[in-house]
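Read through the structure below, which is laid out as structure tokens, and then see the notes.
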Amino acid sequence: MDIEKRSFEIITEELGDKKLVPGTELIVKRCIHTSADFDYAENLCFSENAVEKAIAAIKDGACIVTDTHMAESGINKRVLSRYGGEVFCFISDEDVAATAKANGTTRATASMDKAAAMGKKLIFAIGNAPTALIHLYELIKDGRIRPELVIGVPVGFVNVVQSKELILTLEDTPYIVARGRKGGSNIAACICNALIYML
């Protein structure tokens, strides 16, 4: 706890006069703490009132869907469960693998379809698969799902930037997106935890 406290003090010192969007400071600092990368002070984009809407949804029992087991394992399920929420990752499910094979898509894409059929309040935390983010965008545009929040932070080079830019065009969907190539399952989990800890 002392090390974490000191880490956040150092982050605050090094940010100096950098102005962060009010209400997003803890999320930005936690991303920096997780990655030791101060670029997150520049590249994290928040839709209007995204943090407030996400916190309200968690209080109301929203569940979190991730695209990797790494992100799933990093989210504080104990605290989330106090509000009735659970964390789901369908990437390894046999039915998801079968659907992906039948449709010629990725398992990440098929797992978004499975999530859309759940009929629950959902927050999506995508840290690895741009195909999941692109398909989530399509599901939202088709009116098949209305997420409480989309955390779009896949990392890498192929379709990563483009998938994030699609989410930034959504007008009625709250989002937190890391513009550019940076992100990852650890960042997806840490944004979820920052929201949970803000409760």
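Note on the stretch 145-199: residues that are among the charged types (D, E, K, R) and under 22 Å from Asp60 (Cβ atoms) total 3. Checked against (1) surrounded by 15 or more Cβ atoms within 10 Å (Cβ to Cβ); (2) closer than 20 Å to Met70 by Cβ; (3) without any contact (Cβ under 8 Å) to a residue 40 or more places away in the chain, Val177 meets all criteria but (3). Of all residues in the stretch 1-59, those being of a type outside the set (Asp, Glu) and part of a helix (DSSP H, G or I) number 31. What do you reckon, is Glu86 open to solvent by 70 Å² or more (accessible area, probe 1.4 Å), in contact with a strand residue (DSSP E or B) (Cβ under 9 Å, 6 or more places away or on another chain), modelled with pLDDT of 95 or more and under 22 Å from Met198 (Cα atoms)? When the stated conditions are applied, Glu86 passes them.
Scanning the stretch 30-39 for residues that are within 14 Å of the chain's Cα centre (by Cα) and either under 16 Å from Gly152 (Cβ atoms) or open to solvent by 60 Å² or more (accessible area, probe 1.4 Å) (or both) yields a single hit, Cys31. Checking each residue in the stretch 125-172 for being free of Cβ contacts under 8 Å to residues at least 40 places away in the same chain and among the acidic types (Asp, Glu) picks out Glu138, Asp142, Glu165, Glu171, Asp172.
Against the test of being surrounded by 24 or more Cβ atoms within 10 Å (Cβ to Cβ) and closer than 25 Å to Phe8 by Cβ, the options Ala129, Ala194, Ala189 yield a single qualifying residue, Ala189.
Filtering Asp142, Asp95 for residues that are surrounded by fewer than 17 Cβ atoms within 10 Å (Cβ to Cβ) and either aliphatic (A, V, I, L, M) or under 25 Å from Ile58 (Cα atoms) (or both) leaves a single hit, Asp142. Considering Lys121, Lys114, Lys101, the condition of being free of Cβ contacts under 8 Å to residues at least 40 places away in the same chain, surrounded by 15 or more Cβ atoms within 10 Å (Cβ to Cβ) and farther than 21 Å from Cys45 by Cα is satisfied by Lys114 alone.
The values are calculated or read from the model by the stated rules, or taken from the named source; none is laboratory data. Note that the coordinates shown come from a computational prediction; the quantities given were computed from them, not determined experimentally. So basically every Cβ, Gly included, is an ideal-geometry build from the backbone, and we count neighbours across all protein chains shown. These area figures cover heavy atoms from the full protein model, side chains too; ligands, DNA and RNA do not enter into them. Shrake-Rupley method; radii C 1.70, N 1.55, O 1.52, S 1.80 Å.
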